[in-house]
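Inspection log for the structure reproduced underneath, given as structure tokens.
The values are calculated or read from the model by the stated rules, or taken from the named source; none is laboratory data. These figures come from a predicted structure and were not determined experimentally. We place every Cβ from the backbone using ideal geometry, glycine too, and count neighbours over all the protein chains shown.
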Amino acid sequence: MKTPISVNYRSFRKKLAVYVLFGAVTLIFSVQSTMAEQDVKPVHGIAMHGNPKYGPDFEHFDYVNPNAPKGGKLSQAARGTFDSFNTLIPKGNAIGTGSTESLLTRSFDEPFTEYGLIAESLEVPEDRSWVIFNLRPEARWHDGTPITADDVVWSFETITTKGRPTLRFYYDDVISAEKLGERRVRFNFKDTVNRELPLIVGQLSILPKHYWENRDFEKTTLEPPLGSGPYRIKEFEAGRYVVQERVEDYWGKDLPVNRGLNNFDTIRTDFYRDDTAIRLALNSGDIDIRFENQAKAWSSDYDTPAVNNGWLIKEEIPHQMSTGMQGFIMNTRRGIFADRQVRKALAYALDFEWTNELLFHGQYTRTESYFSNADLASRGLPQGEELEILERYRDQLPPEIFTEEFSVPKTDGSGNSRQNLLIARKMLAEAGWKVKDLKLVNEKTGEVMKFEILLVSQAFERIALPFTKNLERLGIEVNIRTVDPSQYANRLRELDFDVIVGGWGQSLSPGNEQRSYWGSYAVDQYGTRNYAGIKNPVIDELIELVIEASDRESLIQRTRALDRVLLFGHYVIPNWHILFNRLLYWDKFSRPEIPVMQGVTTTRWWYDEQKAQQLKQKMDAQ
């Protein structure tokens, strides 16, 4: 019996040594972490690069009227329907409630800077390897319950395990959220090269743990969730309308980041089947405002008494934002689009010049960058740091990246695309596709080239039809299929499409979101935004370089390299963009004269009682 006791004793001593060593290491790490935290001073805001524009004692943003009156109603419209208020899960057609807030909030006159909202301050080390948020003691949910560190930790863990795949991917570099006190939370990161992580975590939607822990977060719901923001849902009818009311005792109404914002007492959103119905509602005064997205309608549908008398203001408001990329996106998961040469050839069938002149009244500019209208867009031939980056991958990239400036096929606008179609036919032949019995056929497999263009807007059919006619002249069978918003959303989530008209918006400070747009990891994720199915190791590495950029100039050069490789991949047949917002609104609102980068931000508008009275008098006099 002595031997087992002796063995067990030695085993115990070994285990004890391990436990002591582990405890010592943990203690050392904890002490070092605490010391590191003590060396970091709390700050009121954080910029992606450089320093925030506004100091710790700022009273309000420059672009607001801090004395804007509160009151009145804003009525707006949306196309489609809704069946849920939970926008954080990949189910249903959800509409936001206007009540969800984040730890930090962005300013509208800086590329990417955030200031404290729920968080009073944050602590970030030089290498940005972690961040601590100190919550405001006055922060409250609408039921009066304080917002605590438990809510923040629960929100992070829930969203990253049960939320939309794109959100999980967005926060993938965040290891954990750690409660340090009742109002103090630390987020730990995987590495120290992604300088955007503190700002990304600052955007996290904070949810009330006490409300959700007895509900199924993963289900769609038409019960307006408990929130903490300036608005909450007052009434609604599923699929028809939602009315949001301003919260009178909103805890954050006097914060510098909120002063002069959120001025309407109520915001009503009515849902319509199509844009024609929305325009009729606008002209009749049923809604107050519309962002017009169709050039034809902008030019010809508003020759009405309301516009001509100056009651309904029709205004073009310039913006300074990147317009991103919209285009015919080819799903490379489909065999016919796997060949870059084929994708490149199909672009010759789109006659933008003719379309712009006849259908758009010359209002649009052709898009030739994924970061158009920004200094991030590639141009000319690569040089400087961009060229140095691309040289590392020369043997994996198309040689023309180094010798040709990217440009889209052009025509003379006459409608005769014969020359471009001849070029396309030659390129398709080189890729192994030949015309046989008026059909484009793969020489090796005998497969006929045919595909479907999936649309969600009937208005886009008139734009897609001339494109398909040119494709048919190449021997390609093309079908246009327009579906309702619910079916469209489901088919996108399930990647059940050949070609869509879609796109990706871009900020002036690209970062983590690029992984979900073109990263290999996102290719097969349910609900991914990598619609094209891009799976390219060079692009993966370029995305990481963009994320790791340490200053603005490096970010520009690295983004240009990414842009150029995407363009020469010919994943998209680029569409077009416009450099101003087309806005119509009834003349009963006012806004500050100082412009913002976004062009239009109605959160800083207010209902002008004097204008409203004058408008009524003018209309009554007619």
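Summary of values
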{"quantity": "Verdict on residue 110 being in a loop (DSSP other than H, G, I, E, B), touching a residue at least 12 places away in the same chain (Cβ under 8 Å) and surrounded by fewer than 21 Cβ atoms within 10 Å (Cβ to Cβ)", "calculated": "yes"}
{"quantity": "Filtered residue count, the stretch 198-228, keeping only those that are buried (at least 22 other Cβ atoms within 10 Å of the Cβ) and not assigned by TED's automatic domain parsing to the domain that holds residue 114", "calculated": "2"}
{"quantity": "The one condition in (1) out of contact with any Asp or Glu (no Cβ under 9 Å at 6 or more places or on another chain); (2) surrounded by 21 or more Cβ atoms within 10 Å (Cβ to Cβ); (3) within 28 Å of residue 272 (Cα to Cα); (4) of a type outside the set (Asp, Glu) that residue 487 fails to fulfil", "calculated": "(2)"}
{"quantity": "Residues located in the stretch 469-481, provided they are in a helix (DSSP H, G or I) and surrounded by fewer than 19 Cβ atoms within 10 Å (Cβ to Cβ)", "calculated": "469, 472, 473"}
{"quantity": "Matching entry among 376, 421, 387, 346 (being free of Cβ contacts under 8 Å to residues at least 24 places away in the same chain and either in contact with a helix residue (DSSP H, G or I) (Cβ under 7 Å, 6 or more places away or on another chain) or assigned by TED's automatic domain parsing to the domain that holds residue 466 (or both))", "calculated": "387"}
{"quantity": "All positions within the stretch 424-449 that are more than 13 Å from residue 336 (Cβ to Cβ), in contact (Cβ under 8 Å) with a residue 40 or more places away in the chain and surrounded by 13 or more Cβ atoms within 10 Å (Cβ to Cβ)", "calculated": "424, 425, 427, 435"}
{"quantity": "Qualifying position, being buried (at least 20 other Cβ atoms within 10 Å of the Cβ), modelled with pLDDT of 95 or more and among the basic types (Lys, Arg), among 195, 183, 232, 240", "calculated": "183"}
{"quantity": "Lone unmet requirement of (1) at pLDDT below 95; (2) surrounded by fewer than 14 Cβ atoms within 10 Å (Cβ to Cβ); (3) not in a helix (DSSP H, G or I) for residue 462", "calculated": "(3)"}
{"quantity": "Neighbours by Cβ (under 7 Å, 6+ apart or cross-chain): first from the stretch 212-226, under 15 Å from residue 159 (Cβ atoms); second hydroxyl-bearing (Ser, Thr, Tyr)", "calculated": "217/158; 225/97; 225/211"}
{"quantity": "Within the stretch 390-405, tally of residues that are in contact (Cβ under 8 Å) with a residue 24 or more places away in the chain and in a loop (DSSP other than H, G, I, E, B)", "calculated": "4"}
{"quantity": "Selected residue (only one of 254, 216, 173 is modelled with pLDDT under 95 and over 30 Å from residue 77 (Cβ atoms))", "calculated": "173"}
{"quantity": "Residue match in the stretch 120-128 (condition: touching a Lys or Arg at 6+ places or on another chain (Cβ under 6 Å) and more than 22 Å from residue 602 (Cβ to Cβ))", "calculated": "yes"}
{"quantity": "Scope the stretch 40-62; condition free of Cβ contacts under 8 Å to residues at least 24 places away in the same chain and among the acidic types (Asp, Glu); matching residues", "calculated": "57"}
{"quantity": "Residue match in the stretch 262-277 (condition: closer than 19 Å to residue 291 by Cβ, of a type in the set (Asp, Glu) and in a loop (DSSP other than H, G, I, E, B))", "calculated": "yes"}
{"quantity": "Any hit, the stretch 523-541, residues being within 27 Å of residue 489 (Cα to Cα) and in contact with an Asp or Glu (Cβ under 6 Å, 6 or more places away or on another chain)", "calculated": "no"}
{"quantity": "The stretch 315-352, residues that are part of a helix (DSSP H, G or I) and either surrounded by 17 or more Cβ atoms within 10 Å (Cβ to Cβ) or within 25 Å of the chain's Cα centre (by Cα) (or both)", "calculated": "336, 337, 342, 343, 344, 345, 346, 347, 348, 349, 352"}
{"quantity": "Matching residues, the stretch 114-173, being under 30 Å from residue 50 (Cα atoms), of a type in the set (Val, Ile, Thr), without any contact (Cβ under 8 Å) to a residue 60 or more places away in the chain and touching a helix residue (DSSP H, G or I) at 6+ places or on another chain (Cβ under 8 Å)", "calculated": "160"}
{"quantity": "Residue count, the stretch 570-607 (criterion: over 23 Å from the mean Cα position of the chain (by Cα), surrounded by fewer than 19 Cβ atoms within 10 Å (Cβ to Cβ) and part of a loop (DSSP other than H, G, I, E, B))", "calculated": "4"}
{"quantity": "Test: residue 234 is of a type in the set (Lys, Arg), in the same structural domain as residue 100 (by TED's automatic domain parsing), without any contact (Cβ under 8 Å) to a residue 40 or more places away in the chain and not in a helix (DSSP H, G or I)", "calculated": "no"}
{"quantity": "Residue check for residue 179: over 21 Å from residue 116 (Cα atoms) and among the charged types (D, E, K, R)", "calculated": "no"}
{"quantity": "Hits in the stretch 72-93 (condition: closer than 23 Å to residue 265 by Cα and part of a strand (DSSP E or B))", "calculated": "73, 74, 75, 76, 77, 78"}
{"quantity": "Identity of the residue in the stretch 44-82, of a type in the set (Ser, Thr, Tyr) and under 25 Å from residue 96 (Cβ atoms), that ends up surrounded by the fewest Cβ atoms within 10 Å (Cβ to Cβ)", "calculated": "81"}
